[in-house]
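The values are calculated or read from the model by the stated rules, or taken from the named source; none is laboratory data. What you see is a predicted model; the values in this text were computed from it and never measured. Note that each Cβ is placed from the backbone with ideal geometry, even for glycine, and that neighbours are counted across all protein chains shown.
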Amino acid sequence: MRFNQIAVSQADEIELWWRRNRRSAPSLFREELAAAVHLLSERPEVGELAEDVPVPGTRTITLRRTNYVVYYRVLGEEVRITSVWHGRRGRAPDEDDLARDREAVYGA
């Protein structure tokens, strides 16, 4: 399981916002993301194929309680998280957002 650089930045920003603004459940986003990462590491096919993105093979899994969507790709034996977006953002990540997995990648 790997996160590309942009996905790490997005998750960090979301977690910071969540901790500052959701005082009743400050760790909910991080907990829900960790549960999704665990599920994807065991069953990468569980997510739906994303039809609204330009990068073929991109899949999604929704964090139901926080309404964030994790975009990822299965590359051989590796699952690579490419983006984390809020479900109400108004658009899916574009090719530039999803293609940034060519940049430095961080293990998770």
| message | With the requirement that a residue be among the acidic types (Asp, Glu) and surrounded by 13 or more Cβ atoms within 10 Å (Cβ to Cβ), what does the stretch 13-28 give you? | response | GLU15
| Looking at (1) within 18 Å of ARG2 (Cβ to Cβ); (2) modelled with pLDDT of 95 or more; (3) surrounded by fewer than 20 Cβ atoms within 10 Å (Cβ to Cβ), which is the only condition GLU31 fails? | (1)
| Residue list for the stretch 49-69, restricted to those being loosely packed, with under 14 Cβ neighbours inside 10 Å, touching a residue at least 12 places away in the same chain (Cβ under 8 Å) and under 15 Å from THR82 (Cβ atoms) | ASP52, GLY57
| request: Residues being in contact (Cβ under 8 Å) with a residue 40 or more places away in the chain and more than 21 Å from GLU77 (Cβ to Cβ): count how many of those fall in the stretch 26-48. | output: 1
| said: Go through the stretch 34-48 and report how many residues are of a type in the set (A, V, I, L, M, F, W, C), surrounded by fewer than 16 Cβ atoms within 10 Å (Cβ to Cβ) and farther than 14 Å from TYR68 by Cα. | reply: 2
| task | For residues that are touching a Phe, Trp or Tyr at 6+ places or on another chain (Cβ under 7 Å) and either modelled with pLDDT of 95 or more or within 17 Å of ILE6 (Cα to Cα) (or both), tally how many sit in the stretch 54-67. | result | 3
| said: Between a residue in the stretch 2-21 that is under 25 Å from LEU75 (Cβ atoms) and any residue that is of a type outside the set (Lys, Arg) and surrounded by fewer than 19 Cβ atoms within 10 Å (Cβ to Cβ), which pairs come within a Cβ distance under 6 Å, given they are 6 or more apart or on different chains? | reply: ARG2/VAL105; ARG2/GLY107; PHE3/TYR106; PHE3/ALA108; ASN4/VAL105; GLN5/GLU103; GLN5/ALA104; VAL8/TYR106
